[in-house]
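Novice: Okay, here's the structure, questions in a sec.
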Amino acid sequence: MEMTEENPKPETITHSRRTLLKSAGAATTVLAFGPKSVSALSEDHVPVPAGVEVPKSNITVEPTAEPPVDMDIKKRRAHNRSPVVDPNGKETRDKEQESDEVDPMPGSNSNRYLSYARDEYITGKYHVMEATFNVPSEPAAGNSADDTIMYYFPALINCDSICTTTQSIIQPVLQWNQEDTDFAYDWSIASWYGSGSNADNYHRSPALAANAGDTIYGSMEYHSDRNQWYIYTENVTDGRYTAIWAPESFSDYAWDRAYCTLESFYWEQNCDELPGSSTFRNVYLENASGNRVKPDWGENTDNVSCLLSCFVSNHDKIYLRTPY
């Protein structure tokens, strides 16, 4: 399939808020990757798929960035790559190498990781992550689900071995009801980068429509010739893509955490507000030497009563299951 970009129509920035936040002086708290970053939110804050809400003015929508000339999308697809093994024919890392540090995940009345697979690269950092995943059914409650927002994404996070509130994230995202787009109560895709602080700017590429049953391909790839990360999100079903370059400063970070995640905002544990299940396939991780790394995924599920689960069937296949 020839990869052609279709420029989406200019997005009209919309901003809906929960009834709680519409009242005068209303405020809530949210965690930026962990409990040390807590802030009161005013009415003009918008969720981003990084565990925070930021002022609407801090979200920059950039034009879609064309793929670099040395990136052949078809050849870069994870399912076309052969695994790279070390001379001993086995993975050099083992569970004993895992650190005792635990990443504090978003968890507040506003936002949480509902289920996710997590990998920590102890001895190096990643230079490539790829995955394909399906667009699931929309939440059964549809547009009666208040302002519930849901995200599915693979992501790389800079943690520098000890997680702090200065974490940064790069991610191709499937988003349900994202507030600052034209896709209220619909699925859409976009590429994002940003830092885990309300004072920092977040950037995304233009949002494109996605529909239940579509296949999404996402990649994050470091390009040494530009000293930049390229974040690419494609709706494989219709061939359209939306992409963004992260700034050079992001190239200095230790991208040592990988995630495949279902994240929520404003979810009040109403099971009907959950989307359908999604499976991450052909998950591919590559280190700075150009070798494939087999991740040691941890399976994590938030303590909720809606039969959510995370199941890793192989290093390159992860099921994030909901009741639907």
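Novice: Name the residue, out of GLU268, GLU286, GLU221, that is of a type in the set (D, E, K, R) and not in a strand (DSSP E or B).
Specialist: Values: GLU286 fails: not in a strand (DSSP E or B); GLU221 fails: not in a strand (DSSP E or B).
After ruling out the rest, the residue left standing is GLU268.
Novice: Output the residue which, of all residues in segment 158-170 that are aliphatic (A, V, I, L, M) and at pLDDT below 95, is nearest to the chain's Cα centre (by Cα).
Specialist: The extreme case among them is ILE169.
Novice: Ok, one more. Among (1) in a strand (DSSP E or B); (2) modelled with pLDDT of 95 or more; (3) among the polar types (S, T, N, Q), which single condition is THR237 missing?
Specialist: (1)
Novice: Let me ask something additional. Go through (1) over 19 Å from TYR217 (Cα atoms); (2) open to solvent by less than 20 Å² (accessible area, probe 1.4 Å); (3) modelled with pLDDT of 95 or more and name the single condition TRP297 misses.
Specialist: Result: TRP297 passes all but (2).
Novice: Only one residue in TYR151, TYR113 is in a strand (DSSP E or B) and at pLDDT below 95. Which one? If you could, list the steps in order and put the result at the bottom.
Specialist: Working: TYR151 fails: at pLDDT below 95.
Residue meeting the stated conditions: TYR113.
Novice: Kindly provide the set of residues from segment 194-245 that are among the hydroxyl-bearing types (Ser, Thr, Tyr) and either in contact with a Gly (Cβ under 9 Å, 6 or more places away or on another chain) or farther than 24 Å from ASN134 by Cβ (or both), ordered by number.
Specialist: SER195, SER197, TYR202, TYR222, SER224, TYR232, THR233, THR237, listed by residue number.
Novice: Report every pair of residues separated by at least 6 positions or lying on different chains whose Cβ atoms are under 9 Å apart, first residue within segment 237-254 and touching a residue at least 24 places away in the same chain (Cβ under 8 Å), second in a loop (DSSP other than H, G, I, E, B) and among the basic types (Lys, Arg).
Specialist: From residues that are touching a residue at least 24 places away in the same chain (Cβ under 8 Å), the pairs are TRP245/ARG226; SER251/ARG226; TYR253/LYS125; ALA254/LYS125.
Quick grid of which residues meet (1) in contact with a helix residue (DSSP H, G or I) (Cβ under 9 Å, 6 or more places away or on another chain); (2) polar (S, T, N, Q):
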| residue | (1), (2) |
| --- | --- |
| SER219 | yes, yes |
| ASP252 | no, no |
| GLY276 | no, no |
| ASN291 | no, yes |
| TRP297 | no, no |
| THR301 | no, yes |
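Novice: Which one is nearest to the chain's Cα centre (by Cα), of the residues in segment 125-138 that are farther than 21 Å from ASP302 by Cβ and open to solvent by 30 Å² or more (accessible area, probe 1.4 Å)?
Specialist: ASN134
Novice: Kindly list the number of the only condition in (1) modelled with pLDDT of 95 or more; (2) outside any strand (DSSP E or B); (3) aliphatic (A, V, I, L, M) that fails for VAL173.
Specialist: VAL173 satisfies every listed condition except (2).
Novice: Same structure, new question: If you take the residues of segment 300-312 that are open to solvent by less than 60 Å² (accessible area, probe 1.4 Å) and part of a strand (DSSP E or B), which of them is nearest to VAL128 (Cα to Cα)? Walk me through it before giving the result.
Specialist: Initial filter on segment 300-312 (open to solvent by less than 60 Å² (accessible area, probe 1.4 Å)): 300, 302, 304, 306, 308-310, 312.
Next cut, part of a strand (DSSP E or B) only: 300, 309-310, 312.
On the way: ASN300: 23, SER309: 26, CYS310: 23, VAL312: 20 Å.
This residue is VAL312.
Novice: Hey, another quick one. Among what's in segment 180-209 and is at pLDDT below 95 and open to solvent by less than 10 Å² (accessible area, probe 1.4 Å), pick the residue that is farthest from PRO63 (Cα to Cα).
Specialist: Taking the candidates together, the pick is GLY196.
Novice: On the basis of being open to solvent by 40 Å² or more (accessible area, probe 1.4 Å) and on the phi < 0 side of the Ramachandran plot, does ARG257 make the cut?
Specialist: On the way: open to solvent by 40 Å² or more (accessible area, probe 1.4 Å): no; on the phi < 0 side of the Ramachandran plot: yes.
Considered against the rule, which asks whether it is open to solvent by 40 Å² or more (accessible area, probe 1.4 Å) and on the phi < 0 side of the Ramachandran plot, ARG257 comes out as no.
Novice: Can you find a residue in segment 242-256 that is within 30 Å of PRO139 (Cα to Cα) and polar (S, T, N, Q)? Break it down stepwise before answering.
Specialist: Just the residues of segment 242-256 that are within 30 Å of PRO139 (Cα to Cα), to begin with: 242-244.
Among the residues that remain, those that are also polar (S, T, N, Q) are: 242.
Looking through segment 242-256, at least one residue is within 30 Å of PRO139 (Cα to Cα) and polar (S, T, N, Q).
Novice: Right, here's the next one. Considering (1) open to solvent by 60 Å² or more (accessible area, probe 1.4 Å); (2) closer than 21 Å to ALA140 by Cα; (3) over 18 Å from the mean Cα position of the chain (by Cα); (4) not hydrophobic (A, V, I, L, M, F, W, C), say which one GLU273 fails and leave the rest.
Specialist: With (1) open to solvent by 60 Å² or more (accessible area, probe 1.4 Å); (2) closer than 21 Å to ALA140 by Cα; (3) over 18 Å from the mean Cα position of the chain (by Cα); (4) not hydrophobic (A, V, I, L, M, F, W, C) applied to GLU273, the lone miss is (1).
The values are calculated or read from the model by the stated rules, or taken from the named source; none is laboratory data. Values in this document were obtained by computation on a predicted structure and should not be read as measured data. For neighbour counting, all protein chains shown are included, and Cβ atoms are generated from backbone atoms with ideal geometry for every residue, glycine included. Protein only, heavy atoms only, side chains kept; ligands, DNA and RNA dropped before computing areas. Shrake-Rupley method; radii C 1.70, N 1.55, O 1.52, S 1.80 Å.
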